[in-house]
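Student: Sharing a structure here in structure tokens format.
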Amino acid sequence: MTEKRNCIIAVDGSEHSDYALDWFCKNVHREGDHVILVYVPELNDMLHSTKWSNSVYVFDRDVMEAMLKEEQERIKSDLEKFAEKLKHHGLGGKVKSVMASRPGEGIIKAAEEEKASLIVVGSRGMGTIRRTFVGSVSDYLVHHSHVPVFVCKHPHKHVTSELEQKSQ
């Protein structure tokens, strides 16, 4: 009998994370695996919302509470969609939301809490320049994880480098 594994799959609702989940099911999944879909909601949209006053010093409690409630409802809705994906694939496991300042940090935190055997993440395929300035979740995971990380590149949605384009 094979050892039970806790497998973290990072999800964000994108085609790339859907592809990573599909890839995991086809290539890595073993019977008995416990799959944890990890979602790290980005709160930047809420923090940079136009609903805030132009003045940094004005704080409207009602506006803030309404925005937080709206954000909680969005996260709950996303988690329900991810739970449906688990069910659709016939996977045993759960969906977990982790609050963190950066997605990579949240995924690593979840992997440690869940005693993960591996992490699977999709790759957005950002170009070299954008990845240099913005950073890459997959780069972060590869460099900070203590367990194997599978970075799944969607074959039809990837940016080719300038060197690859010139050689074609």
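Student: If we scan segment 143-153, do we find a residue that is assigned to a helix (DSSP H, G or I), basic (K, R) and either closer than 30 Å to E3 by Cα or at pLDDT below 90 (or both)? Quick ask: steps written out before the conclusion?
Tutor: So in segment 143-153, the residues assigned to a helix (DSSP H, G or I) come out as 143-144.
Retained after the next criterion (residues that are basic (K, R)): none.
No, because not a single residue in segment 143-153 is assigned to a helix (DSSP H, G or I), basic (K, R) and either closer than 30 Å to E3 by Cα or at pLDDT below 90 (or both).
Student: Can S14 be described as at pLDDT below 90, of a type outside the set (D, E, K, R), under 27 Å from H143 (Cβ atoms) and surrounded by 13 or more Cβ atoms within 10 Å (Cβ to Cβ)? Write out each step before concluding.
Tutor: Numbers: at pLDDT below 90: yes; of a type outside the set (D, E, K, R): yes; under 27 Å from H143 (Cβ atoms): yes; surrounded by 13 or more Cβ atoms within 10 Å (Cβ to Cβ): yes.
Yes, satisfied.
Student: Same structure again: Go through (1) modelled with pLDDT of 85 or more; (2) of a type in the set (A, V, I, L, M, F, W, C); (3) loosely packed, with under 13 Cβ neighbours inside 10 Å and name the single condition A66 misses.
Tutor: So the condition that A66 fails would be (1).
The values are calculated or read from the model by the stated rules, or taken from the named source; none is laboratory data. Since the model is a prediction, treat every value here as computed from it, not as a measurement. Positions of Cβ are generated from backbone atoms using ideal geometry, with glycine treated the same way; all protein chains shown enter the neighbour counts.
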